[in-house]
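**Student:** A single structure is presented below for examination.
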Amino acid sequence: MSRQQGSEVEADVAPVVVLRPDRDLFARGLTAILALTTPVFAVLYWLTIPDGDWTFVLGAHVLVVLATIVGVYRFFSATVTLRADGVRERGFFGRTRLVRPLDVRSILMLRLYDGSTLDTLPQLFVADHDGQVLLRMRGQFWSAEDMERVAEELDRPVTRPEDFMTMAQLRRISPELLYWFERLPRFR
């Protein structure tokens, strides 16, 4: 094969773009884990080493470290890949799903209030023809720019409500978009 023919073949292949969760979230999470576990285990070691019962503390410490390593691996494994045949999501728990543009009926991009604050975070919901959520990107993990890229890749009209929403409003208007635990009413 000549050099020119090889470059023509490469030009026909659509580039693959891999989107990853916000790295600041990883740093904040790891800092929180260290800030919470280090003093607790330091005190437990201090209390148990003189009596010789420290092996239970070491076992618990090893379990926390292993759980943290698994969490770090899962965090770095989560991706949204923009491909020629659609958008491929690999979630935190390893589930992989391909969302093809033909499968998409609607895309909703809105801003939800973050808890009881005035801060808002973007949310992207991609639904199929039956109204089932095919892909959800939350602002806690993904940037607004990444959400825009996904919406552009799927090439469907995007609904963008002008007003910000609370989780209670979204739960009342479109509960089918939320995870099962988000549908539960909050008692205060």
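Each reported figure results from applying straightforward, stated rules to the coordinates on display, with no laboratory input. Keep in mind that this is a model prediction, so the values were computed, not measured. Methodologically, a virtual Cβ is constructed for each residue, glycine included, from the backbone with ideal geometry; neighbour enumeration extends over all protein chains shown.
**Student:** Specify the angular offset, from 0 to 90 degrees and rounded to the nearest 10, of the alpha carbon long axis of helix 144-154 from the longest principal axis of the alpha carbons in the chain.
**Tutor:** Helix 144-154 and the main axis of the chain meet at about 40 degrees.
**Student:** Under a Cβ-only charge scheme (Lys and Arg +1, Asp and Glu -1), can you give me the dipole magnitude of the chain about the Cα centre, in debye to the nearest 20?
**Tutor:** Charge dipole of the chain: 420 debye, to the nearest 20.
**Student:** Could I ask something else about it? In percent, how large is the relative contact order of the range 35-90, given Cα pairs closer than 8 Å and 6 or more residues apart?
**Tutor:** Relative contact order comes out at 18 percent.
**Student:** Please tell me the relative contact order of the chain in percent, rounded to the nearest whole number, where contacts are Cα pairs under 8 Å and at least six residues apart.
**Tutor:** Dividing the mean separation by the residue count of the chain yields 18 percent.
**Student:** At R0 = 45 Å, how high is the FRET efficiency between R105 and T55 if r is their beta carbon distance? Nearest 0.05 is fine.
**Tutor:** Calculated value: 0.20.
**Student:** Just to be sure I understand: with springs between alpha-carbon atoms less than 10 Å apart, which residue in E152, E176, E162 has the highest mean-square fluctuation in the Gaussian network model of the chain?
**Tutor:** Taking springs between Cα atoms under 10 Å, the residue moving most is E162.
**Student:** While we're here: Return P(r) of the chain (all Cα-Cα pairs; 5 Å bins starting at 0; whole %; ordered from short to long distances).
**Tutor:** Per 5 Å bin, starting at 0, the Cα pair percentages come out as 1, 6, 12, 14, 14, 13, 11, 8, 7, 5, 4, 3, 1, 1, 0, 0.
**Student:** In the Gaussian network model of the chain, springs joining C-alpha atoms below 10 Å, which of R95, R105, R23 carries the largest mean-square fluctuation?
**Tutor:** The residue with the greatest mean-square fluctuation here is R95.
**Student:** Okay, next question. Given the -39500 (n - 2.57) contribution per DSSP H run of 4+ residues, what per-residue ellipticity at 222 nm results for the chain, rounded to the nearest 500 deg cm²/dmol?
**Tutor:** -13500 deg cm²/dmol
**Student:** Still on this structure: Taking square-rooted eigenvalues a ≥ b ≥ c of the alpha carbon gyration tensor, is the range 22-77 rounded, prolate or oblate, where a/c under 1.5 means rounded and, failing that, a/b exceeding b/c means prolate?
**Tutor:** Note, shape of the range 22-77 comes out oblate.
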